[in-house]
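Engineer: First, the structure itself, so that you have it in front of you.
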Amino acid sequence: MIRGCGVVRPKPWEVDAELWAVIEPLLPKVERRIRHPGRKRHPDRLVFQGILFVLHTGIAWEHLPKELGFGSGTTCWRRLAEWTEAGVWPRLHEILLAKLHSANALDFSRAAVDGPHPRVKGGAKTGRSPVDRGRTGSKHHLITDATGIPLAATLTGGNRNDVTQLIPLLQAVPPVRGKRGRPRRRPDAVLAGRGYDHDKYRRLVWALGVKPLIARRGTEHGSGLGAQRWVVERVFAHLHWFRRLRIGWEIRDDIHEAFLTLGCALICWRRLASAQRRHS
């Protein structure tokens, strides 16, 4: 626990019972061998807290303090790779989106997309950025609902133009359940800045049944879209509080993407907790 100013707050990598009740059923079950069982498997909940510790602090896996009780960095990395291969993180994100939808906390009237500045330094899926002095790095691309809840995120090299991720982001939004009827997957409209100004992509967005609201290049500022698009910039700020997402140490792009999806899921969990407090 963090103590200061008379307030006791849980550390951000501590997993409470409510969150663990959502995560635990998603984890693959590993039966211990009867013959030659070997060392007992470290508890999943503690290992998950070790993964969150690395995500929050950005510490190298081999430097994970053993005295925390989360297991070794190698154990946490292997468990993260195992759970990533099993598809745990997209399912977790989808479940939390469904809970938010059920709580009337999702707004599909419009979505907002953006690519961040600055870019992620190093890591997987790198490329030389044409607008950052040719430095290599990666880019996170994000789509949120009208209130700033992350719906999907993608990872590319720093040399990829933002507009190339407009359709992949819309297609990456999972089917959101939580209410009676067909799952919701597409927003009514999508807001984007001048970097997405291309008639070809407007037509592709329309083909998905979504209205494109994209600022035109060469026009004066003051289109009014910024008053609605700021929510995606706020989510980027929240995502990049996770130090592991600011500097890409991961050699494997699937591990970096796992951290990215997990970060989105944690933001959804916080928003869900906030919504539940307001209605309690």
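The values are calculated or read from the model by the stated rules, or taken from the named source; none is laboratory data. Note that the coordinates shown come from a computational prediction; the quantities given were computed from them, not determined experimentally. Cβ coordinates were reconstructed from backbone atoms using ideal geometry, including for glycine residues, and neighbour counts include every protein chain displayed. Please note that ligands, DNA and RNA were not included when accessible areas were found on the heavy atoms of the full protein model with its side chains. Shrake-Rupley method; radii C 1.70, N 1.55, O 1.52, S 1.80 Å.
Engineer: Taking 0.36 nm per intervening residue step and subtracting the Cα-Cα distance, what contour gain separates residue 228 from residue 182 on full extension?
Structural biologist: 13.8 nm
Engineer: Sticking with this structure for a sec: Residues in the range 242-274, backbone N under 17 Å from the label point at residue 102 (7 Å along the Cα-to-beta-carbon vector): list them, ranges by number please.
Structural biologist: 268-274
Engineer: Determine how many Å³ per residue the convex hull of the Cα atoms of the range 235-277 encloses. Spell out each step's value before the answer.
Structural biologist: Details: hull volume 2.3 nm³, N = 43.
Roughly 54 Å³ of hull volume per residue.
Engineer: Tell me the carbon and sulfur percent of the accessible area for the range 131-219, rounded to whole percent, probe radius 1.4 Å.
Structural biologist: Carbon and sulfur together cover 47 percent of it.
Engineer: May I pose another question? Counting only other residues whose beta carbon sits under 14 Å from that of residue 211, what net charge do I get with K and R as +1, D and E as -1? Don't jump to the answer; show the numbers that get you there.
Structural biologist: On the way: positive: 110, 186, 202, 203; negative: 188.
Neighbourhood net charge equals +3.
Engineer: Return the sequence-ordered ³J(HN,Hα) values of the range 21-30 in whole Hz as given by the Karplus equation 6.51 cos²θ - 1.76 cosθ + 1.60 applied to θ = phi - 60°, using x for Gly and Pro.
Structural biologist: 5, 7, 7, 4, x, 7, 7, x, 7, 10
Engineer: Please state, rounded to one decimal and in Å, the Kirkwood hydrodynamic radius that the range 148-216 gives when every pair of distinct Cα atoms enters the mean of 1/r.
Structural biologist: Taking every pair of different Cα atoms in the range 148-216, averaging 1/r and inverting gives 13.1 Å.
Engineer: Now for a different question. So what is the accessible area of the range 157-280 per residue, in Å², with the probe set to 1.4 Å? Kindly include the intermediate steps, with their values, before the conclusion.
Structural biologist: Details: 6840 Å² over 124 residues.
Averaged over the residues of the range 157-280, the accessible area is 55 Å².
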